[in-house]
Number of protein chains: 2
Amino acid sequence: MKFLDSVNTILVAPSHPGNIGATARALKTMGLSKLRLVAPKKYPDPEANQRSAGAEDVLEAAQVFDGVAAAVSDTTLILGTSVRDREVNWPLLTPRAASEKVINHLSSSSSNRVAILFGRENSGLSNEELDLCAAQIRIPANSEYSSLNLGSAVQIIAYELRQAALINLQGQQQPAAVVKPRQEPATQAQRAGHMEHLEQVLKQLEFAHNENSPLLMRKLTRLYNKAELSVEEIQILRGILTAIGAQSSRS
Amino acid sequence: MKFLDSVNTILVAPSHPGNIGATARALKTMGLSKLRLVAPKKYPDPEANQRSAGAEDVLEAAQVFDGVAAAVSDTTLILGTSVRDREVNWPLLTPRAASEKVINHLSSSSSNRVAILFGRENSGLSNEELDLCAAQIRIPANSEYSSLNLGSAVQIIAYELRQAALINLQGQQQPAAVVKPRQEPATQAQRAGHMEHLEQVLKQLEFAHNENSPLLMRKLTRLYNKAELSVEEIQILRGILTAIGAQSSRS
């Protein structure tokens, strides 16, 4: 997807090859593809391949660097991630705000490139590494247990980047929050026809009568309106009403 | 955190104990704690403990159930997750919209409880399991590679739930576009009781019979689940069913 190809995910000194594989998988599920590794302890490694589970293309295209400076040298915006509370010397962004910033940056020029740094499993990014960054992304985690797995941190950031890219593609609008099922929705006339049929059968059953009927029918109308009935569903409900009516008139 | 304790994350038939551990860790990082397991292939298992990495409390407090029905029976809102494109018969929500819905639901009554279903690693949730759900959560993933790890899917949903809870706590919520009446939502057990009663009456009416009943009841279940019935609405519907049954047995 546009923009996401210009985001470089950079793992700084990852210890566990499984996390490198999980990162490749997390990136690919969200449509990102650029992975850079700074001084990985073990790479390549079969465990990385195994955990990448079909994202070997991202894993095998990963670029390896000796130091962070080289890994970010061609990028125009650098952000660092953290889940820790530390002395705050950098502007802090939520993943959502950071992702908007990234997409805005990339949409302003096609030659822009973004780096997102993820620190070591145990100690995160050093202050010197954070000094390279325009801002720090803080993933809002449980303050009593902020031990986010490296692959999970990448997954959350990649997810937010994809959301931001989708919003941008759709013309600055929110991606559709709700997609309705592909069933043909009933018209109001069809809904009203069902409610009239229902009231008639309820009166025939002597469940509804003149006193209770208005309130009862209001409640039932609200109930069925909540379901946003399809044409087929109204046919089923009216089929049932017809069967009840037939039985009732025989009794 | 408020609300998040009332969200039950339910893994349906997970194959890999590592994924159960990763789920416990993902939940705890975002302040969720309630894990339910339906027919796990291996649990307890040392690999689950190892992958939970400090979230053993969540892992060890997990409740195990034989079937999905038992695992959701005390909940008032059930949502199912999916990354697949399939025939769409359920309302689809993004993780963000779903999380707002969950927090709104929980903030409307302290006795409400939410279930979020995650399907099998290979095949997801069955249609029968999705039939229990008011809506389906679709994680927007790369359509060419949507192979999201189970732990990563849980991580994204847990992250969005935490964001929605934080927004709610900070009172930064947009005014609700739709104000829902404060009706006490029915539990899944009450909903299932209504559907059994309905099926029994439809058979008595000879509208349902052995051949057509399974498909018919699935369609009706989905219809009533979309309405997110309240306790009072179930009482009204069952009152109607009782009146039909009485008339029918006289005929």
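The values are calculated or read from the model by the stated rules, or taken from the named source; none is laboratory data. Quick caveat, the model's predicted, so the values are computed rather than measured. No Cβ is skipped: glycine too gets one built from the backbone with ideal geometry, and neighbour counts run over all protein chains shown. Only protein heavy atoms, including side chains, enter the accessible area calculation; ligands, DNA and RNA are left aside. Shrake-Rupley method; radii C 1.70, N 1.55, O 1.52, S 1.80 Å.
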Counting Lys and Arg as +1 and Asp and Glu as -1, each charge on the Cβ, what is the dipole of the protein assembly as shown about the Cα centre in debye, to the nearest 20? 740
Any idea what angle helix B:150-169 forms with the longest principal axis of chain B, computed on alpha-carbon atoms, 0 to 90 degrees, nearest 10? 80
With θ set to phi - 60°, apply the Karplus curve 6.51 cos²θ - 1.76 cosθ + 1.60 along segment B:39-52 and write out the HN-Hα couplings as whole Hz, x wherever there is a Gly or Pro. 6, x, 5, 9, 6, x, 7, x, 5, 5, 4, 5, 6, 6
Where does chain A land at 222 nm, in deg cm²/dmol rounded to the nearest 500, when only DSSP H runs of n ≥ 4 count, each adding -39500 (n - 2.57), divided by all residues? -15000 deg cm²/dmol
Any idea what % of Cα-Cα pairs in segment B:97-222 are farther than 20 Å? 59
What percent do you get for the relative contact order of chain B when only Cα pairs under 8 Å and 6+ apart count? 22
Which lysines have a Cα less than 17 Å from the Cα of B:Lys34, not counting those fewer than 8 places away in the same chain? B:Lys2
Per residue of segment A:53-67, what does 6.51 cos²θ - 1.76 cosθ + 1.60 with θ = phi - 60° give for ³J(HN,Hα)? Whole Hz please, x for Gly and Pro, Karplus curve as stated. 6, x, 9, 4, 4, 5, 4, 6, 8, 4, 9, 10, 10, 6, x
Here the longest stretch of chain A that holds no trypsin sites (Lys or Arg not before Pro) in a DSSP loop having at most 16 other beta carbon atoms within 10 Å is A:87-181
Once all Cα-Cα distances of the protein assembly as shown are split into 10 Å bins that start at 0, what whole-number percent is in each one? 4, 18, 27, 22, 14, 9, 5, 2, 0
Rounded accessible area of A:Asp66 (nearest 10 Å², 1.4 Å probe): 150
Give the shape of segment A:112-164 as rounded, prolate or oblate, defined through the alpha-carbon gyration tensor: a ≥ b ≥ c are the square roots of its eigenvalues, a/c under 1.5 means rounded, and otherwise the shape is prolate if a/b is larger than b/c and oblate if not. oblate
For segment B:1-54, the percent of all C-alpha pairs falling in each 10 Å bin, from 0 up to the bin holding the max distance, is 28, 53, 18, 1
Chain pair A, B: total accessible area buried, heavy atoms, 1.4 Å probe, Å²: 5500
Stick to the Cα atoms of segment B:4-169, pair each with every other, and give me the Kirkwood hydrodynamic radius in Å at one decimal. 15.6
Qualifying lysines (Cα of each under 23 Å from Cα of A:Lys219; at least 8 residues distant if same chain): A:Lys203, B:Lys101, B:Lys180, B:Lys219, B:Lys226
Using the 7 Å Cα-to-Cβ label point, sort the distances from A:Gln183 to its equivalents in the other copies shortest first and give them in nm to one decimal. 1.8
log₁₀ of I(q)/I(0) at q = 0.21, 0.23, 0.25 Å⁻¹ - segment A:188-250, Debye sum with one point per alpha carbon: -0.85, -0.99, -1.12
Taking the Cα centre of chain B as origin, sum charge times position over the Cβ atoms of Lys and Arg (+1) and Asp and Glu (-1), and report the length of that vector in debye to the nearest 20. 380
If one takes the longest principal axis of the Cα atoms in chain A, at what angle in degrees, from 0 to 90 and to the nearest 10, does the Cα axis of helix A:17-29 lie? 50
Only Cα pairs within less than 10 Å get springs; with that Gaussian network setup on chain A, which residue of A:Gln136, A:Gln155, A:Gln50 has the largest fluctuation? A:Gln50
Measure nothing fancy, just the Cα-based angle from helix B:95-108's long axis to the longest principal axis of chain B, in degrees from 0 to 90, nearest 10. 70
For A:Ala135, residues with placed amide H under 5 Å, excluding near neighbours: A:Gly80
Sequence gap at least 6, Cα distance under 8 Å: using those rules, report the relative contact order of segment A:188-250 to the nearest whole percent. 52
Taking amide H positions as placed 1.01 Å from N in the peptide plane, with prolines and chain starts having none, which residues 5 or more places from A:Asn8, or on another chain, fall under 5 Å of its amide H? A:Val114, A:Ala115, A:Ile116
